[in-house]
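Here's the structure, in structure tokens; my notes come after.
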Amino acid sequence: MIPDKIFKQSIRRYFKCIAPYMEDDSVSEIMINGPDDIWIEVGGKLKKTDATFENNDDLLGGVKNIAQFVGKTLNVLNPRLDARLPDGSRVHVVIPPCARNGISVAIRRFGEFDLSLQKLIEFGSIHPVGAEFIDICVQMERNIIVAGGTGSGKTSLLNCVSAKIREDERIIVIEDSQELQLQQPHVLMLETKGADAKGRGAVGIGDLFHSAMRLRPDRIVIGEIRGGEALTLLQAMTSGHGGTMSTCHATYPDDTLRRLETMSMMSNVEMPLAALRSQVASAIQVIIQTSRFNDGSRKITHIAEVLGLDTNGEYQIRPIFVFRNRGNDPDTGDVLGEHVAVGNLPTFLEHIYERGINIDERWFQPPPDAR
Ligand SMILES: Nc1ncnc2c1ncn2[C@@H]1O[C@H](COP(=O)(O)OP(=O)(O)OP(=O)(O)O)[C@@H](O)[C@H]1O
Ligand SMILES: [Mg+2]
């Protein structure tokens, strides 16, 4: 592995043609589709650039350097790479034979982590009281899932939500590649690893979760739930490990629960669907749904509580705050609409009072025009 400082210098050398974008805070993503097709995302919109690498070897040298920096191998046998750069950017690389356009790279820039729930309020991404309610859910140790589509801001939001965990808690973070940046003093970071060339030695999210449970956690934060490990996590959440938070790829609260259900079925454990559903419904208590809109903005579209199953075995979800979308401004193309309270009180209101947390029932009243 190469030290950070030397690596930063070599990134500047190998990725000279995209260096201006790597330093421009308005660029959120850089996409390389072979040596001479480079795109960037600015303000949520894609733009093709004039930048090019000298040739394929130039680009290959760069991505191999990244692999070396994170201690992974990138070659014909291991043609995919997940990595994180010292500036916090997340990189994914796919090389031929799996990438038909040539070496394909996406660099997601987070910069030094500076998003917060307060900033999300300023961006119009969340209802101010919604942000307050999320803080309360964290203090009340609710099990929270942040859900959304690809690039909708799930990881950024989980970063903001996890920032609300108290400083005196021991937090264990489990990720595929390091993206979360917790600022609390007592944080243990665990990272999965792939198998070797002979298919041996893979350590997945489920394995690390097993370890986390034995490492005396107050909180477990999981970067993303993607597969059969979902069942292990759900079982731990129902067996009294409160306050767990993670993200999941889904576009609507109901879809989020179904997705967790489907992922649980990918585990080796056979379980009747009814039992699985009741497990999902009792494990997940709060869903924060985020979405990327057609103007490039990201907004929290739902903050909802999961109540359980109804008599037909369907999920009961109680929205607390939603984003009311009113289409796009015909001149600017900006998404119009507002975040509103739906008029539902949280089910655990009494417990919030008992804990002496500041809360006002008026926060949950819808605006007059929505009643
Ligand atoms: N509220 C927001 N407003 C504007 N930009 C945002 C917001 N939240 C996140 N972003 C930007 O959107 C991009 C995607 O964010 P993020 O990585 O959190 O999404 P994701 O849903 O986790 O993506 P993936 O599905 O790839 O894991 C990042 O560049 C991030 O800086
Ligand atoms: Mg993510």
Can you list the equivalent-ellipsoid semi-axes of the range 1-116, largest first and in whole Å, using the square root of 5 times each Cα gyration tensor eigenvalue? 20, 18, 13
In whole Å, largest first, what are the principal axis extents of the Cα atoms in the range 117-370? 60, 44, 43
Measure nothing fancy, just the Cα-based angle from helix 253-265's long axis to the longest principal axis of the chain, in degrees from 0 to 90, nearest 10. 70 degrees
Among L336, I136, M265, flag the residue with its Cα farthest along the positive direction of the charge dipole of the range 117-370, charges on Cβ as +1 for Lys/Arg and -1 for Asp/Glu. M265
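Using the Cβ atoms and a cut-off under 9 Å, what net charge is assigned to the surroundings of V27, where Lys and Arg are +1 and Asp and Glu are -1?
Overall, the nearby charge balance is -4.
Express in nm, to one decimal, how much length is gained between D369 and A99 on full extension, taking 0.36 nm for each residue of separation and deducting their alpha carbon distance.
Result for the pair: 92.0 nm of gain on full extension.
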Give me the distance in nm between label points sitting 7 Å out from Cα along the Cα-to-Cβ direction at R292 and D255, one decimal. 1.4 nm
Restricting the calculation to Cα positions, tell me the Rg (one decimal) and the Dmax (whole number) of the range 205-244 in Å. 9.2, 24
Dipole magnitude (debye, nearest 20) for the chain, charges at Cβ of Lys, Arg, Asp, Glu: 860 debye
³J(HN,Hα) computed for each position of the range 168-181 - Karplus, 6.51 cos²θ - 1.76 cosθ + 1.60, integer Hz, glycine/proline x: 8, 8, 8, 10, 10, 10, 10, 9, 7, 9, 4, 10, 7, 10
What do you get for the angle between helix 273-283 and the principal long axis of the chain? Use alpha-carbon atoms, 0 to 90 degrees, nearest ten. 90 degrees
Per DSSP H run of at least 4 residues, take -39500 (n - 2.57); add these up for the chain, divide by its residues and hand me the 222 nm value, nearest 500 deg cm²/dmol. -8000 deg cm²/dmol
In terms of the alpha carbon gyration tensor, root eigenvalues a ≥ b ≥ c, rounded if a/c is under 1.5 and otherwise prolate when a/b exceeds b/c or oblate, the range 300-371 is oblate
For K164 and D37, FRET efficiency with R0 = 45 Å and r from the beta-carbon atoms, rounded to 0.05? 0.65
Round to the nearest 10 and give me the degree value, 0 to 90, for the angle of helix 4-14's Cα axis relative to the longest principal axis of the chain. 60 degrees
Here the net charge surrounding V93, from other residues whose Cβ is less than 12 Å away from its Cβ (Lys, Arg +1; Asp, Glu -1), is +3
Ranked S246, S282, criterion: other C-beta atoms within 10 Å, fewest first: S282, S246
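Bear in mind that the values in this text are calculations on the coordinates, not laboratory data. Note that the structure is predicted; figures quoted are calculated from it, not measured. When we count neighbours, we look across all protein chains shown, and the Cβ atoms used for this are built from the backbone with ideal geometry, even at glycine.
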